[in-house]
Amino acid sequence: MGSPVHDKNSQVNFLKQRLNMFLDVLEAIDPEEADLDDIDNLIKMIDELENKCKEFNNREVSESV
């Protein structure tokens, strides 16, 4: 993957890009033809976004100590 993202603006941009990627995938899925793998991939993307948010928040807490 890329280098670690440490400054707040880069973190926000990273999360925006990932969210936009998720939205693009979501829009591309045909609801009539979506299968369990498609849903699992969407859930995985959401989990990864959530983990990144937690990681960024934990960096802020540890850096402020």
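Observations, loosely collected:
- Within the shell of other residues whose beta carbon sits under 14 angstrom from the beta carbon of LYS8, the net charge comes to -1, with Lys and Arg scored +1 and Asp and Glu -1.
- Acute angle (nearest 10 degrees) that the helix 36-64 long axis makes with the longest principal axis of the chain, alpha-carbon atoms: 10 degrees
- Taking only the C-alpha atoms of the chain, Rg followed by Dmax gives 14.6, 50 Å.
- Length added when fully stretched, ASP30-ASN13, from 0.36 nm per residue minus Cα-Cα: 3.3 nm
- Projecting the Cα atoms of ILE39, ILE29, LEU15 onto the charge dipole of the chain (Cβ charges, centred on the Cα centre) puts LEU15 farthest toward the positive pole.
- Phi-based couplings in Hz for the range 15-20 (Karplus 6.51, -1.76, 1.60; Gly and Pro marked x): 5, 4, 4, 5, 5, 4
- Accessible area expressed per residue, the chain, with surrounding protein chains retained (probe 1.4 Å, Å²): 82 Å²
- Measuring nothing but protein heavy atoms, the accessible surface of the chain at 1.4 Å probe radius is 54 percent carbon and sulfur.
The values are calculated or read from the model by the stated rules, or taken from the named source; none is laboratory data. Bear in mind that the values here come from a model prediction, so they are computed numbers and not experimental data. Neighbour counts run over all protein chains shown; Cβ positions are idealised from the backbone, glycine included. Remember, those area values only see protein heavy atoms, side chains included, never the ligands or the DNA or RNA. Shrake-Rupley method; radii C 1.70, N 1.55, O 1.52, S 1.80 Å.
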